[in-house]
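One structure is given here, and the rest of the page talks about it.
The values are calculated or read from the model by the stated rules, or taken from the named source; none is laboratory data. Only a predicted model underlies this, so the values are computations on that prediction, with no experimental measurement involved. As a convention, Cβ positions derive from the backbone with ideal geometry for all residues, glycine included, and neighbour counts pool all protein chains shown. The protein model used for the area step is the full one, side chains on, heavy atoms only, and it has no ligands, DNA or RNA in it. Shrake-Rupley method; radii C 1.70, N 1.55, O 1.52, S 1.80 Å.
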Amino acid sequence: MAVSACAVIGKWNNPLYIKVWMPPSGQDELKLPFLLHSCLDIVEEKLRAQTPPDLFLGPLIPIEEFRTYGYVGNTQTKLIVATLGEAQEAHIKRLCQKLNDYVVATICNPFYTPDTPINSREFDSRVESLFSSQPPTPTHGRNWSVG
């Protein structure tokens with residue numbers, strides 16, 4: 001299992017942060033951002049179906065070699081993680097909890113404007129270090145501009 005992408009989506013479904021570790025050469029570089037975006041409908045369905053909703057939503061969409069997992073924080077911020085191949089749900093849940101901690105710390109910063117893209121170098125380096133503990137992906141990471 002290698003984490004291929006992660007996204008932080010605001011409570012109004014606006015992208016706050018998207019990080020993609022590029023797929024192997026020859027694949028469309030927009031495939032993973034599209035996959036992350038397409039998960040939002042499933043996240044909304046799972047939130048409506050659960051009473052009370054669990055923070056970790058579990059698997060969302062398996063598309064080709066990628067698997068996606070969802071997490072919703074107390075701030076209604078949605079986290080989506082895409083992996084290359086199968087992953088242990090407990091491990092992904094811990095990664096999502098840690099990523100949510102980073103999001104909350106960033107949102108609580110008095111200099112952060114709510115519901116705007118996260119453009120913090122500190123946040124980006126924390127995300128890099130969180131997911132660099134995973135098995136290496138074939139190529140380097142790329143930040144997608146969301147604002």
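Quick notes
- Filter result for residue 16 (over 18 Å from residue 128 (Cβ atoms), modelled with pLDDT of 90 or more and touching a Gly at 6+ places or on another chain (Cβ under 8 Å)): no
- Every listed requirement among (1) closer than 19 Å to residue 102 by Cβ; (2) touching a strand residue (DSSP E or B) at 6+ places or on another chain (Cβ under 8 Å); (3) touching a residue at least 60 places away in the same chain (Cβ under 8 Å) is met by residue 75 save one, (2).
- Scan of segment 100-134 for residues that are under 23 Å from residue 21 (Cβ atoms), open to solvent by 70 Å² or more (accessible area, probe 1.4 Å), hydroxyl-bearing (Ser, Thr, Tyr) and not in a helix (DSSP H, G or I), ordered by number: 133
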